[in-house]
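S.K.: To start, I am sharing the structure in question, which I have written as structure tokens.
The values are calculated or read from the model by the stated rules, or taken from the named source; none is laboratory data. What you see is a predicted model; the values in this text were computed from it and never measured. Positions of Cβ are generated from backbone atoms using ideal geometry, with glycine treated the same way; all protein chains shown enter the neighbour counts. Heavy atoms of the whole protein, side chains included, go into the accessibility calculation; ligands, DNA and RNA do not. Shrake-Rupley method; radii C 1.70, N 1.55, O 1.52, S 1.80 Å.
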Amino acid sequence: VIHMPDQVSRLLVRGAQYDEAEVDPRPYLGNAPPPPVQEDPPPFEHLNGLLLNLKHVLATTLKSPEQIDVTARIGAIAQTVQNICHKSIDSALAAPSVDTHSPYIVVHQMMGAVLAELMGQGKGLEPAERRLLICAALTRDLGQIASQSELDKHAGPLPGDVHAQMRQHPEHSAQLLQHAGVTDPLWLGAVRGHHEHLDGSGYPAQLKGDAVSLGARILGVADRYSAMIKMRPYRAQAHFPQNALKEIYLKKDTEIDEEIARILISKVGLLSPGTVVKLKSGEIAVVKSPTVKSDAAIVYSVYGKTGMILSPPAQRDTSQPGCEIVGLVPFAHCQTAGASIRQVWA
């Protein structure tokens, strides 16, 4: 029997479900005093729990949407994402960046949700508007989940039928959301338009210029960045964040809103949380906080000079001799130090 509302919330974060009709409204009357309410878990760990919850909600939405209130469940996740971003931008950006256990498409949408919140802040949007954009980011690829395993088989150009199906996933996602009871036009519009380009070269409707909504522009940039920095089954190595930002910025005059691209760069930094770097001393370190200047980065070494994993990781001052950043290291090369890397935020 669960008496404390906080315990219910913790179980829901971990993907549990319950029937509200079964909740006993009577107060806790045991002889012993109720246990003290524990504080929320650290933001990094909390976001990892949200990934499990999101995975469950998306699966249920596809299979049995009548079993849950999709609008409320996704809205609750979106609210928590906002809270985590407010408490720790470092953790919000790092958790999906260094996650190697959750399915790609779930992590991809969570990263997009975090970026949507940060870029929405940069555009001066109200919290309620940003929350709807987070909802859209969390569900924008709902129509692609069923075919994701097929898409991941192709390292090169997609076969014609698969390509055609992929180009329809924004519309398919919106239709699935409507079937599940989502009615908000901002949410649905952002989902439908997140692959449209300002020059009309996007899909599925080839919208152009002002016809591409602000929400769709924000989600589109978030989608590109997240897709480039995450490893894929057919891609052994992801883009380094600064290279992904460069590619996005080069599209500012044709496909992407320049202001939104600038906001993205200002929020995540050229060295974003989770970026792995090599120090002059030979140590391998991970960047903790967004930064533009390499000699001002907050980094923690996770591999020592001899290649041994450091646990706990050791903070280094990149402005000091021997600790200068001299290169970037693919995250895929450092997965043996995954537990140590997560300690930086957890």
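S.K.: Determine the relative contact order of segment 203-346: mean sequence separation of Cα pairs under 8 Å and six or more apart, normalised by residue count, in whole percent.
M.R.: Values: 226 pairs, mean separation 25.6, N = 144.
So the answer I get is 18 percent.
S.K.: Quick one: putting +1 on the C-beta of Lys and Arg, -1 on the C-beta of Asp and Glu, what dipole do you get for segment 243-346 around its Cα centre, in Debye to the nearest 20? If you can, show how the numbers build up before the last one.
M.R.: Values: 12 positive and 10 negative charges, 74 e Å.
With Lys and Arg at +1 and Asp and Glu at -1, about 360 debye.
S.K.: So how far apart, in nm, are the two label points at residue 266 and residue 199 if each is 7 Å from Cα heading toward Cβ?
M.R.: Here the modelled spin labels are 2.6 nm apart.
S.K.: Estimate the FRET efficiency between residue 14 and residue 87 by the formula 1/(1 + (r/R0)^6), using the beta-carbon distance for r and 25 Å for R0, to the nearest 0.05. Could you put the intermediate results ahead of the total?
M.R.: Details: r = 19 Å, r/R0 = 0.78.
Efficiency, rounded to the nearest 0.05: 0.80.
S.K.: Under a 1.4 Å probe, what is the accessible area of segment 104-147 per residue, stated in Å²? Don't jump to the answer; show the numbers that get you there.
M.R.: Values: 1010 Å² over 44 residues.
Accessible area per residue, segment 104-147: 23 Å².
S.K.: When averaged across all projection directions, what area in nm² does the alpha-carbon convex hull of segment 168-226 cover? Before the final figure, lay out each step's value.
M.R.: On the way: hull surface 15.2 nm².
So the Cα hull casts an average projection of 3.8 nm².
S.K.: Once fully extended, how much extra length lies between residue 258 and residue 314, figured as 0.36 nm per residue of separation less the alpha-carbon to alpha-carbon distance? Show your work: numbers first, answer last.
M.R.: Working: separation 56, 0.36 × 56 = 20.16 nm, distance 3.79 nm.
This chain segment gains 16.4 nm when fully extended.
S.K.: Looking at segment 216-302, which trypsin sites (Lys or Arg not before Pro) are DSSP coil and have at most 13 other C-beta atoms within 10 Å of their C-beta? Please list the in-between numbers first.
M.R.: Working: sites: 217, 224, 230, 235, 246, 251, 252, 262, 267, 278, 280, 288, 293; in loops: 230, 251, 252, 280, 288, 293.
For trypsin sites (Lys or Arg not before Pro) across segment 216-302 that sit outside H, G, I, E and B with at most 13 neighbouring Cβ atoms in 10 Å, the list reads 293.
S.K.: How much of the calculated P(r) for segment 199-346 lies past 17 Å, in percent of all Cα pairs?
M.R.: On the way: 6940 of 10878 pairs.
Within segment 199-346, distances greater than 17 Å cover 64 percent of Cα pairs.
S.K.: Could I ask something else about it? Take every Cα pair under 8 Å in segment 188-273 that's 6+ residues apart, average their separations, divide by the length, and report that relative contact order as a whole percent. Present the calculation step by step, with values, prior to reporting the outcome.
M.R.: Numbers: 116 pairs, mean separation 21.5, N = 86.
Normalised by residue count, the contact order of segment 188-273 is 25 percent.
S.K.: With no solvent and one equal point scatterer placed on each C-alpha of segment 65-224, evaluate the Debye formula and give log10 I(q)/I(0) for q = 0.11, 0.16 Å⁻¹, two decimals.
M.R.: Summing over Cα pairs of segment 65-224 leads to -0.42, -0.92.
S.K.: Any idea which of 263, 292, 249 is furthest toward the positive side of the dipole for segment 236-312, if Lys and Arg beta-carbons carry +1 and Asp and Glu beta-carbons -1?
M.R.: Of the listed residues, the answer is 292.
S.K.: Which of the lysines could a cross-linker span from residue 252 if the Cα-Cα distance has to be under 16 Å and same-chain partners fewer than 8 positions apart are dropped?
M.R.: 208
S.K.: What is the percent carbon and sulfur in the accessible area of segment 231-346, measuring with a 1.4 Å probe over the protein chains and ignoring ligands? Can you show the working numbers first?
M.R.: On the way: 2960 of 5680 Å².
Of the solvent-accessible surface of segment 231-346, carbon and sulfur hold 52 percent.
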